[in-house]
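The values are calculated or read from the model by the stated rules, or taken from the named source; none is laboratory data. None of the values given here were measured: they were computed from a predicted structure. Methodologically, a virtual Cβ is constructed for each residue, glycine included, from the backbone with ideal geometry; neighbour enumeration extends over all protein chains shown. Just so you know, the surface numbers come from the protein's heavy atoms only, side chains and all, with ligands and any DNA or RNA stripped out. Shrake-Rupley method; radii C 1.70, N 1.55, O 1.52, S 1.80 Å.
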Amino acid sequence: MTDNPTNTLKEVDGPRRDFLLISTTTLGVAGVAIAAWPFIHSINPAKDVLALASTEVDLSAVEVGQAITVMWRGKPVFIRHRTEEEIASAADVDMAELRDPQTDAERVQKPEWLIAVGVCTHLGCIPSGQNLGDKRGDWGGWFCPCHGSAYDTSGRIRKGPAPFNLPVPPYAFTDDTNIVIG
Amino acid sequence: MKHSTKSSNRLVQWIDDRLPIFSYAEANVIAYPTPKNLNYWWNFGSIAGIILVIMLVTGIFLAMNYQPNADVAFASVERIVRDVNYGWLLRYLHMNGASMFFIIVYIHMFRGMYFGSYKAPREILWMVGVVIYLAMMATAFMGYVLPWGQMSFWGATVITNLFSAIPVIGDYIVVWIWGGFSVDMPTINRFFVWHYLLPMILVMLVVVHLWALHVHKSNNPLGIDIKTPQDLMPFHPFYTIKDLFGLGIFMIFFLFFVFFYPNFFGEPDNYIPANPMVTPPHILPEWYFLPFYAILRAVPDKLGGVIAMFAGVLILFVLPWLDTSKVRSAAFRPIFKQLFWIFVADCLFLGWLGARPAEGIYLVLSRLATGYYFFHFMVLLPLVGKLEKPKPLPSSIFEEVSKNCRTKED
């Protein structure tokens with residue numbers, strides 16, 4: 001009978017209609033969610049971006065006491081050829097005073113080379129201290145001009161709002177004076 | 001006008017009292033009165049709307065990786081396909097989506113012609129549709145330029161040069177469109193902007209199209225007016241589920257090309273980077289422009305060809321007044337029904353001719369097919385409307401639907 005479809009609809013038993021409605025809706029929502037993934041993933045780093053994710057550095061020209069900054073994944077990496085005093089001051093620290101406790105030995109592969117990502121862990125500014133005349137803060141490491149975070153000669157946070165130490169990127173010495181970061 | 005929602009939810013009522021979105025959706029989507037007898041040809045409007053959404057979403061995500069710069073555009077598209085996560089899927093959905101959009105819209109238009117959907121009181125609905133079609137063509141053309149392959153470049157050169165046929169100011173207009181003295185860096189940059197902007201305008205035109213549609217509601221296969229509420233049924237769940245079923249079938253067709261033959265509708269030459277020094281030996285536009293391309297080449301005069309080509313599209317605007325018959329559906333117009341199918345065949349034939357070389361027999365056939373195209377609109381339609389004796393129309397949609405149901409039950 002077709003005289004009034006809305007009436008015939010009400011005569012059909014409810015649970016069956018509910019089952020159809022809920023299963024159709026569930027399938028539809030699941031389908032849209034799965035279809036959304038390629039779109040979401042498409043704005044993640046692409047293969048060419050990932051392929052450029054490591055940087056090679058020749059350290060032979062960096063004298064003791066000097067520092068260089070290299071770019072790795074679009075960010076600066078600080079490489080400091082530390083002096084004996086800097087190594088000593090980094091090692092001679094009471095773990096209890098550190099906000100993000102880490103020994104200097106955990107942060108370096110060779111004590112004379114400190115390698116850390118030069119991005120303040122507070123809000124992403126680049127701390128000063130790479131050049132000899134720069135402000136380095138009270139611990140002789142780096143000082144972030146944006147909000148006053150001070151890092152020591154091991155790149156550990158000592159004062160200011162930043163919560164963590166400057167992160168150490170994955171790197172490896174390919175020989176005595178060459179490293180690959182990433 | 002006082003709106004009120006059926007919902008008993010207090011929050012829904014509170015919102016609806018201030019912004020009647022719920023009562024609007026109830027009136028226009030849920031309870032929206034729709035003729036009972038719509039067949040599957042009425043699925044194509046909703047499918048076209050969904051492809052528009054697919055094109056917008058894939059386009060937005062493609063734009064996040066595409067570079068509208070003549071030096072790197074080609075490489076950036078290749079990078080999307082090779083390096084960007086699922087970039088191949090986004091690009092092939094977008095590329096094939098353009099062809100699908102035209103397939104669906106062409107069927108939608110022929111549906112309107114067969115069932116007389118352009119006739120009073122739906123003339124403006126039809127005309128807004130023609131504007132949508134024009135905006136689609138402009139968008140598709142500029143989108144095809146963006147990968148900056150040989151077909152992109154030479155397609156852009158040929159199509160923009162159409163405007164040089166305009167007397168006196170033509171050359172200035174072409175330079176103005178290019179932003180230089182050839183298709184080059186400024187051209188690709190501005191085409192990208194238009195390609196991104198026009199779809200937004202397209203969305204607004206679709207809203208106007210639906211607005212006009214909802215005034216007199218859908219036409220129907222019988223082409224007769226809605227007379228009583230018995231002729232109608234609510235859009236939801238009857239037509240939502242019918243549209244979803246049709247969408248499912250369409251998606252299988254669409255994704256078959258995306259996954260198995262992604263370059264079926266494309267030209268191999270477009271995988272050669274644009275070279276302003278060398279024109280490919282056999283250039284042709286995308287398939288959906290081929291009938292008009294055939295009309296362009298059929299006329300042995302530059303300005304004449306351009307006028308004929310544009311007239312081929314613009315004549316659709318006056319179709320409601322060229323067809324003099326008061327009967328809408330071809331089901332009751334025995335002569336028109338045959339002429340309609342001849343016209344469809346003529347359009348397909350023109351499309352086939354558009355892809356052949358412009359010489360010899362093809363040129364002769366193009367001229368005949370072009371002549372018939374305009375003959376159909378300007379002579380046959382006005383004349384047949386007057387001379388033809390239509391079959392008797394059913395008294396109501398309801399009566400016809402009930403009769404069919406009884407026959408099926410027997």
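Failed condition for B:Pro285, given (1) free of Cβ contacts under 8 Å to residues at least 12 places away in the same chain; (2) in a loop (DSSP other than H, G, I, E, B); (3) surrounded by 15 or more Cβ atoms within 10 Å (Cβ to Cβ), with all others met?
So B:Pro285 meets the others, but not (1).
What number of residues within the range B:28-56 are within 14 Å of another protein chain (Cβ to nearest Cβ), out of contact with any Gly (no Cβ under 9 Å at 6 or more places or on another chain) and over 15 Å from B:Ile249 (Cβ atoms)?
11
Could you tell me whether B:Asp225 is assigned to a helix (DSSP H, G or I) and either modelled with pLDDT of 95 or more or more than 14 Å from chain A (Cβ to nearest Cβ) (or both)?
When the stated conditions are applied, B:Asp225 does not pass them.
Need a quick list: helices (runs of 4 or more DSSP H) entirely within the range B:359-410 having at least 1 residues that are surrounded by fewer than 12 Cβ atoms within 10 Å (Cβ to Cβ), within 14 Å of chain A (Cβ to nearest Cβ) and of a type in the set (Lys, Arg).
B:397-409
Residues that are part of a loop (DSSP other than H, G, I, E, B) and exposed (fewer than 15 other Cβ atoms within 10 Å of the Cβ): does the range B:47-63 have at least one?
No: zero hits.
Please tell me if B:Ile177 is free of Cβ contacts under 8 Å to residues at least 60 places away in the same chain, surrounded by 18 or more Cβ atoms within 10 Å (Cβ to Cβ) and in a helix (DSSP H, G or I).
On the way: free of Cβ contacts under 8 Å to residues at least 60 places away in the same chain: yes; surrounded by 18 or more Cβ atoms within 10 Å (Cβ to Cβ): yes; in a helix (DSSP H, G or I): yes.
Here the answer is yes, as B:Ile177 does meet what is asked.
Within the range A:96-128, can you find the residues that are open to solvent by less than 30 Å² (accessible area, probe 1.4 Å), of a type outside the set (Val, Ile, Thr) and touching a residue at least 40 places away in the same chain (Cβ under 8 Å)?
A:Leu98, A:Asp104, A:Arg107, A:Trp113, A:Leu114, A:Ala116, A:Gly118, A:Cys120
Does the range A:141-170 hold any residues that are surrounded by 19 or more Cβ atoms within 10 Å (Cβ to Cβ), out of contact with any Pro (no Cβ under 9 Å at 6 or more places or on another chain) and not in a loop (DSSP other than H, G, I, E, B), and which are they?
Selection gives A:Asp152, A:Arg158.
Please verify whether the range B:315-335 includes one or more residues that are open to solvent by 60 Å² or more (accessible area, probe 1.4 Å), modelled with pLDDT of 95 or more and under 22 Å from the mean Cα position of the chain (by Cα).
Yes: one or more hits.
Of all residues in the range B:292-304, which are touching a residue at least 40 places away in the same chain (Cβ under 8 Å) and over 18 Å from B:Gly360 (Cα atoms)?
If the condition is that a residue be touching a residue at least 40 places away in the same chain (Cβ under 8 Å) and over 18 Å from B:Gly360 (Cα atoms), then B:Phe292, B:Lys302, B:Leu303 are the ones that fit.
Do the conditions hold for B:Ile249, that is, is it loosely packed, with under 15 Cβ neighbours inside 10 Å, more than 21 Å from the chain's Cα centre (by Cα) and free of Cβ contacts under 8 Å to residues at least 60 places away in the same chain?
So B:Ile249 fails the test.
Read through the list (1) within 14 Å of chain A (Cβ to nearest Cβ); (2) out of contact with any strand residue (DSSP E or B) (no Cβ under 8 Å at 6 or more places or on another chain), then give the number of the only condition that B:Met233 fails.
Every listed condition holds for B:Met233 apart from (2).
Considering the range B:341-355 alone, what residues qualify as being buried (at least 18 other Cβ atoms within 10 Å of the Cβ) and without any contact (Cβ under 8 Å) to a residue 24 or more places away in the chain?
B:Phe349
Can you report the number of residues in the range B:67-120 which are away from chain A (no Cβ under 12 Å), modelled with pLDDT of 95 or more, open to solvent by 30 Å² or more (accessible area, probe 1.4 Å) and not in a helix (DSSP H, G or I)?
Summing the residues that are away from chain A (no Cβ under 12 Å), modelled with pLDDT of 95 or more, open to solvent by 30 Å² or more (accessible area, probe 1.4 Å) and not in a helix (DSSP H, G or I) in the range B:67-120 gives 5.
So which of B:Ile201, B:Ile188 is in contact with a Pro (Cβ under 8 Å, 6 or more places away or on another chain), assigned to a helix (DSSP H, G or I) and modelled with pLDDT of 95 or more? It would help to see each step written out before you state the result.
Numbers: B:Ile201 fails: in contact with a Pro (Cβ under 8 Å, 6 or more places away or on another chain).
Just one listed residue meets the conditions, B:Ile188.
State all residues of the range B:188-200 that are over 21 Å from the mean Cα position of the chain (by Cα) and crowded, with 22+ Cβ neighbours inside 10 Å; if no residue qualifies, say none.
Matches in the range B:188-200: B:Ile188 only.
Can you spot a residue in the range B:15-27 that is surrounded by fewer than 19 Cβ atoms within 10 Å (Cβ to Cβ), aliphatic (A, V, I, L, M) and within 13 Å of chain A (Cβ to nearest Cβ)?
no
Answer with yes or no whether A:Thr121 is hydroxyl-bearing (Ser, Thr, Tyr), within 23 Å of the chain's Cα centre (by Cα) and farther than 24 Å from A:Val62 by Cβ. Full working, then the answer.
Working: hydroxyl-bearing (Ser, Thr, Tyr): yes; within 23 Å of the chain's Cα centre (by Cα): yes; farther than 24 Å from A:Val62 by Cβ: yes.
So A:Thr121 fits the description; yes.
Identify, from the list B:Ile252, B:Ile307, B:Ile295, the residue that is within 14 Å of chain A (Cβ to nearest Cβ), assigned to a helix (DSSP H, G or I) and modelled with pLDDT of 95 or more.
Within the list B:Ile252, B:Ile307, B:Ile295, the selection yields B:Ile252.
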